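The values are calculated or read from the model by the stated rules, or taken from the named source; none is laboratory data. Note that the structure is a prediction, hence the values are computed from the model and not measured. Cβ placement follows ideal geometry from the backbone for every residue including glycine, while neighbour counts extend to all protein chains displayed. Please note that ligands, DNA and RNA were not included when accessible areas were found on the heavy atoms of the full protein model with its side chains. Shrake-Rupley method; radii C 1.70, N 1.55, O 1.52, S 1.80 Å.
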Amino acid sequence: MTFHVMLIPTLDCPSNCSYCWGSKKGSGMMDIEVIEYVTKWLENFKDESVHFTFHGGEPLLAGYGFYKKALPMLTQNNGYENAGFSLQSNLWLINDDMSELFHEYDVAVSTSIDGPKELNDFQRGKGYYDKTMAGYDLLTSHGVNVSFICTFTSHSIKYYEEVFDYFAKNGYNIKLHAALPSMRGDNADSWTISPKEHGDLLVKLFDKYLENLDNLSIKDFDHFCKSVFIRRGTLCTLANCLGSTFAVGYDGSIYPCYRFNGMPEYVMGNVYDTPSLEELMDTDAWRKIQDFNDFVDEDCKKCRYIKFCRGGCPYNGINSNIEHTANAVDPHCEAYKMIFKDITDKINKEFLTGSLGIPGMPTPNKSVDSTKKKASVMDLMNKL
């Protein structure tokens, strides 16, 4: 098993995306000493391997010197097994030295682009596209794998076909986000999309994905389909992430997820104190997320998708009510139900027409034909 530790060097960010709620101008910066204590904290924390993700804000603000020390430090520790590195960045600050370092440590990099240049810069600010794509070109020239996050807003959802075609034409692998409200402020509110709009979007994009399986990968749909088959959520939004994901802020504070970073009421401890898992469990912050899971167990117990949805994201659920209590599921539950129903209906139709096979094996009476107009769910499963 692998658990996930997100490292947040800073919440500061040089960009100014209209709907972003994850950054904070003037935030502090992580010292390399925090990384030293992360390794000490994890030495006897869990008998599982650890995947590290550098997130923000903008993590590259920490600079080359920080990563030159942090990556070997997190790799060479003998108290746990390192399961790899990821980094989420707008790539504006990337340079040759960092690119080569990330290639050396096989860091999987993800950046954010919302589609063609004009649309992207309308949402993320003039000049964003060119600076990010310059960073993309530099990283890939060093052999670093870079994927994209695409956020759909109340504006871009009207152009979903153009957005999809942009990524498919360029062969960019992507993950989908819906613009959502935040507990940090209301700047994102006018950009958000409703659960019904989100669900309709997912269903339409899934059809387009099945028509373009050879051109790109969309992580969300890969996970949605896998979850339906194994009856367990494989994406953090659709799984009980409590205890399997942690975030460490610039000052060493430990949170249940990066979305809660910088919110004092969700601090579970600090790496300087090297807390045990049992000590983190005995905190108000842990209990707040556990309350969400308990609510889901009761409120969603009759839902056919509960095993591979788990009420969605706790942050979204807690943020959906004025009191910010755990007594609500992710409001985009409606969207998740819509895409799970669409996938299930497609699988049932394939079964009835005799085209359903076993993942990893050729489908009955035919081989997978990648040139046909629209692939099946099983074609997608065989691709994974």
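Looking at Leu101, Leu91, Leu87, can you tell me which residue is in contact with a Gly (Cβ under 8 Å, 6 or more places away or on another chain) and either among the charged types (D, E, K, R) or at pLDDT 95 or above (or both)?
The unique qualifying residue is Leu91.
Suppose the filter is aliphatic (A, V, I, L, M), in contact with an Asp or Glu (Cβ under 8 Å, 6 or more places away or on another chain) and either under 30 Å from Lys40 (Cα atoms) or open to solvent by 20 Å² or more (accessible area, probe 1.4 Å) (or both); does Ile157 pass it? Answer is yes for this residue. Checked against (1) at pLDDT 95 or above; (2) open to solvent by 30 Å² or more (accessible area, probe 1.4 Å); (3) within 22 Å of the chain's Cα centre (by Cα); (4) of a type in the set (A, V, I, L, M, F, W, C), Phe122 passes all but condition (3). Could you say whether any residue in region 304-311 is more than 23 Å from the chain's Cα centre (by Cα) and open to solvent by less than 70 Å² (accessible area, probe 1.4 Å)? Within region 304-311, not a single residue is more than 23 Å from the chain's Cα centre (by Cα) and open to solvent by less than 70 Å² (accessible area, probe 1.4 Å).
All of Val329, Val248, Val228, Val271 fail the test of being in contact with a Cys (Cβ under 9 Å, 6 or more places away or on another chain), aliphatic (A, V, I, L, M) and either touching a residue at least 24 places away in the same chain (Cβ under 8 Å) or on the phi > 0 side of the Ramachandran plot (or both), apart from Val329. For region 140-186, a residue qualifies if it is under 18 Å from Ser217 (Cβ atoms), of a type outside the set (Phe, Trp, Tyr) and part of a helix (DSSP H, G or I), and the qualifying residues are Thr140, Val163, Asp165, Ala168, Lys169, Asn170.
If you go through region 98-118 and pick out every residue that is open to solvent by less than 20 Å² (accessible area, probe 1.4 Å) and either part of a helix (DSSP H, G or I) or not hydroxyl-bearing (Ser, Thr, Tyr) (or both), you end up with 9.
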